Amino acid sequence: MPTINVLKEILSWSSDRPPWQRDALRRLVTQGDLEEADVADLADLCKARHGLAEKRTPTPLESKHLPDSGPGIKPVSLTSLTHHRGVNALGQDQTIEFGPALTVVYGENAAGKSGYTRILKRACRARGAEEILGNVVAGNAPNRPSATIKYAIDGEARDLVWDDDQPPDISLSRVSVFDRHCASVYVAQQTDVAFRPLGLDLFDKLSGVCETVKQVLDKERKILAAETLELSGVPDGTQVHELLSHLTSLTNPDAVRNLAALSDADRTQIADLRKRLHELQSDDPQKTARALELRAKRTGALAAKIKAVAELLSDGALAEIFSARDRVIELGRAAADLHRGAFEHQPLPDTGSAAWRALWDAAERFSSTNAYPDESFPVTLKDSRCVLCQQELKEEAAQRLRQFHEFLTSTVQRQRDEATAKYRDDQKRLTDLVVNDESTEEGLEELELEDSALADALRAALGSSDARRQAVMTALSDGSPCPSDLPDSALNAQPLLDLVAKLNERATELKKANHQEVIAKFQGELRELEARQVLADNLEAVLNEIERKKKIAAYELCIKDTTTNAITKKSTEVTKQAVTDHLAKSFKDNLSALSFRHIEVEMVPARGSRGSLFHKLQLRRAPGVSVPSVVSEGEARCLSIASFFAELSTAAEHSAILFDDPVSSLDHVWRGNVAERLVVEAESRQVVVFTHDIVFLLAIAEKAEKHGVDLKHQHLRRDSTTAGLSSQRLPWAVMKVKDRIGQLKALFQDADKLHRDGDQTRYEKEASYIYGALRETWERAVEEVLLVGVVERFRNSVQTQQAKHLADICDDDCRALDAGMTKSSMWLTGHDQAAAQNAPFPEPSDLLDDITALENWVKAIRKRRGN
């Protein structure tokens, strides 16, 4: 692989070029040749760089504009292309599918191939992509072109919904396209052939653009407008006044814009300074200070209320209360289990109930305080008495008291009591919470005097918070989880706290004795901001004055930007690096693979011209003779294909490649060579071929079978009004025997239905056609199955290695073949029968048996040979 990627080298080099040249490179890459409008636009961009036109941001050449093939980039493969509408006369919602290795899209002339390739060329940003037109002959207004391209990046599926106006997809730029436009880059007919790997032609094109832009600038050099700037209302001593007093051609427009750019904070500060000056200049500053302090205190109270509500309704607090509720429920279940063990079989009903618990607590207080103050309750010692009935405790009663005490003092019960108390406290705080009470509303009304927008935002947030509280309370009482769609409270007390600080700061300023110093300071700040406001209001006039001062000197700088010395130098450097021994060897190897040996053609450096240094294809034994004058159109196409593959060898990844009629002007020998080369390439990358050449299609199929490359077929056809109708079924002439048998079965189903519907005439017509196709399939089966492809019609070789299989041909094979051919010939259209014979036309069952006979004959031979 060469040590340099031409397009990436140009991209890197262009970063130091004038911005308008970077934009020109982008247009040259994406459009090819430029129009007059492009040149005018580029001239404006050139002038804008030096202040001669309205400030604009060029769109420079970037990596996304290039067919990226750098190291580490994952290969891109095409999966399918679905045309929805608006491209030529293609049918709507027709899909072409692409196989992972090799796909041949076949269609006769006017079948719609060009429409599909135009979509792919536009989507892949192929060089020389053609304009896409609608169905201009339909008589209706064409639809906007639309298609869906499915592709994969290293196996990861992607979809692109394409229309002709959207920016190119950067991933699809890795798909390389070979067509007649691309071929012209490699081989230019009727002139010395300049060979340039894609990208090197950009240098001379850029030089041509520079010359044209220079001519435009020369015409405008002396056109200058004499204007003066009259700007009033700018206070003396301000930064804006200083700027305007020393305005020159070197004044930075961005500095002017920055000075004129007032942020929301700046505008707020203007209003704040005016308010402060008004307060400082009031009749009683001390009274105003006290009013501000009181307002700050009330605002602080409002902030505390907002903070408390926010904390209580925060996600964390709500999660905690729902967790507490769930814990109470969980501990309640555990306590219930213990309760049943302690009270379920007691003599009296409701033992363990709340009423019983009150009785127990009263008994415990009496025992601990009066009856047995020195003993722990319940007292079950010998001779102890019940504190209620005061009878002596028997063992059964003592055991029952101990069991009651064990339950009531258990860990689970204690935890349940504690969890219940905590949950009730949390629930009570939430229940008692008043989100927006009268005092809060009063605080908000007062806040409107300082910041109405903040007041409105807090009022809305409080309403949302109250809805949040209601939803939580409902969920708690229902026993349901915390709702996932709770309203967002969005409460934030910090802006209020900031306002409190500002109010206190203003109050402090009013309490100071040096009011005049503060007033002078504020007046200075206000003058600066008001001056910037004046500048902002008159920014265009100031910038226009800067532009006027810049123009004379800037035209010279613009013309200097159009010199081509740097372009020529870089072109020479890049070309010498790019066309290495590797590229020359790859070109030579590809010529050999195409069996192009009768004329010795090599790549050599050509002389440089403005902005470019060419390489050309040269006759080795006659270097002074033009290659196009010697080679035929077909040979020129082979040279282009070899050059294309040589360029592909420079790429670090193996994305898909697309060929649009690659064998135009080639004879059957060259077709076979090109087919071989494409199949070999398909072993390492996806190859898609669009062709109308059925011989080329057969050649590809033969080579693919030879190399074991998976081949996917797509067939395009048209009807009376619509092109691009897609199917995976090949034309009958190129179908294999297996596919033909499948087609015969499908045709039989239609004929059988005609017979069942009683339409004998149409049945016999359809069946006669099927017998004709059946006879053709028997003939094809002879060369493909019986003779194992040893010899095939129109093939220029004999497969002698397959001859070993012919030894097993037996009389039964030949008898079955003769019977099938005879029966088919009898009933096909065009075969006249004797009138006296008057044989009845075969029934559908007979027709199916004849098709099945062929199928069984094929299966038997292939099974016998282990195929």
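The values are calculated or read from the model by the stated rules, or taken from the named source; none is laboratory data. As the structure is a computational prediction, the values presented were derived from the model and not from experiment. Positions of Cβ are generated from backbone atoms using ideal geometry, with glycine treated the same way; all protein chains shown enter the neighbour counts. Please note that ligands, DNA and RNA were not included when accessible areas were found on the heavy atoms of the full protein model with its side chains. Shrake-Rupley method; radii C 1.70, N 1.55, O 1.52, S 1.80 Å.
The table for this structure:
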{"read-out": "Length released on extending from Ser232 to Glu653, taking residue separation times 0.36 nm less the Cα-Cα span", "value": "145.1 nm"}
{"read-out": "Label point at Asp437 placed 7 Å out along Cα→Cβ; residues across the range 443-474 whose backbone nitrogen lies under 13 Å", "value": "443"}
{"read-out": "Efficiency of FRET between Ser314 and Thr508 - r from beta-carbon atoms, R0 35 angstrom, step 0.05", "value": "0.55"}
{"read-out": "Computed [θ] at 222 nm, deg cm²/dmol, the chain (DSSP H ≥ 4; -39,500 (n - 2.57); rounded to nearest 500)", "value": "-18000 deg cm²/dmol"}
{"read-out": "DSSP bridge pairs, the chain: antiparallel proportion in percent, nearest 5", "value": "65 percent"}
{"read-out": "In nm, spacing of pseudo-spin labels at Ser480 and Asn143 (7 Å Cα→C-beta vector)", "value": "4.6 nm"}
{"read-out": "Cys482, Cys638, ranked by accessible area, largest first (probe 1.4 Å)", "value": "Cys482, Cys638"}
{"read-out": "Partners for Lys382 among lysines (Cα-Cα distance below 17 Å; same-chain residues under 8 apart left out)", "value": "Lys394"}
{"read-out": "Point-to-point label distance, Asn109-Val734, nm (Cα→Cβ direction, 7 Å offset)", "value": "1.7 nm"}
{"read-out": "Set of lysines near Lys47 by C-alpha distance (under 21 Å), chain-local residues within fewer than 8 positions excluded", "value": "Lys55, Lys205, Lys214, Lys219, Lys222, Lys549, Lys550, Lys551, Lys560"}
{"read-out": "Estimated FRET transfer efficiency (Ala807, Lys64; beta-carbon r; R0 56 Å; 0.05)", "value": "0.35"}
{"read-out": "Normalised contact order of the chain, rounded percent, pairs of Cα under 8 Å and 6 or more residues apart", "value": "21 percent"}
{"read-out": "Inter-label distance for Val791 and Asp350, nm, one decimal - labels placed 7 Å from Cα along Cα-to-Cβ", "value": "11.5 nm"}
{"read-out": "Whole-percent carbon and sulfur share, accessible surface of the chain, 1.4 Å", "value": "49 percent"}
{"read-out": "Extended-chain gain in nm, criterion 0.36 nm per residue less alpha-carbon gap, Glu602 and Arg414", "value": "57.9 nm"}
{"read-out": "Gain upon complete extension [Lys569, Thr761; 0.36 nm per residue less C-alpha separation]", "value": "61.1 nm"}
{"read-out": "Answer label for log10 I(q)/I(0) by the Debye sum over Cα atoms at q = 0.06, 0.08 Å⁻¹ (calculated), chosen among (i) -0.79, -0.96; (ii) -0.59, -0.91; (iii) -0.75, -0.85", "value": "(i)"}
{"read-out": "Mean accessible surface per residue for the chain, computed with a 1.4 Å probe while every protein chain stays in place, in Å²", "value": "52 Å²"}
{"read-out": "Reachable lysines from Lys422, criterion Cα separation under 25 angstrom, eight or more residues apart if same chain", "value": "Lys305, Lys307"}
{"read-out": "Axial C-alpha extent at least 15 Å, average Kyte-Doolittle at least 0.0 - helices from the chain (DSSP)", "value": "315-343, 452-478, 633-648, 694-707"}
